[in-house]
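Below is one structure, written out as structure tokens; comments come after it.
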Amino acid sequence: GRRRGRGSHRASRSARDTRDVKRFVGGSEIVGGDAVDPRHGGPKLPLPPILLVHGRMDCVVPTPQSLRLLHVLRNVSASAAEIRLLPRAGHFFEPEPPLIRTMLRFIE
């Protein structure tokens, strides 16, 4: 089949990202009467600040997936989005004191 140009792929991916985040947070296509489309100067989604914590040794969710989520959140949310990558952690882990302090600072 025909391949789309890079620009159209990027635009369709960005639109899909916006829909995915809205679905994840239970949002709708309309917020405050305006279409939510941050790519075109529309309002950003009213999300709370989000701290992602991802273990680099995670065999269930690849690290690039969390990095992509971070990128999408930063593009569609008016709030802070940060990530902490834990070098020796897998999918399930016990938070150690430095991570707990980071989490507490984030929510303050």
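The mean accessible area for residues of the range 52-107, using a 1.4 Å probe and ignoring ligands and nucleic acids, is 68 Å² per residue.
For the range 72-83, putting each phi into the Karplus relation 6.51 cos²θ - 1.76 cosθ + 1.60 with θ = phi - 60° gives couplings of 5, 4, 5, 7, 10, 10, 7, 9, 5, 9, 9, 9 Hz, in residue order, rounded to whole numbers and with x for Gly and Pro. When each of the peptides 90-96, 65-71 is scored by how many other beta carbons lie within 10 Å of its residues on average, the order from highest to lowest is 65-71, 90-96. Coupling constants for the range 59-65 follow from the phi torsions by the Karplus curve (6.51 cos²θ - 1.76 cosθ + 1.60, θ = phi - 60°), and in residue order they are 9, 9, 10, x, 3, x, 5 Hz; glycine and proline get x.
Carbon and sulfur: what percent of the range 52-107's accessible surface (1.4 Å probe)?
60 percent
Near residue 86, the amide H atoms lying under 5 Å from its own belong to 54, 55, 56; only residues 5 or more places off or on other chains count, and H is placed 1.01 Å from N.
The values are calculated or read from the model by the stated rules, or taken from the named source; none is laboratory data. Here the structure is a predicted model, which means the values were calculated and not measured. Please note: Cβ atoms are built from the backbone with ideal geometry, for glycine as well, and neighbour counts cover all protein chains shown. The area values use the complete protein model at the heavy-atom level, side chains included, leaving out ligands, DNA and RNA. Shrake-Rupley method; radii C 1.70, N 1.55, O 1.52, S 1.80 Å.
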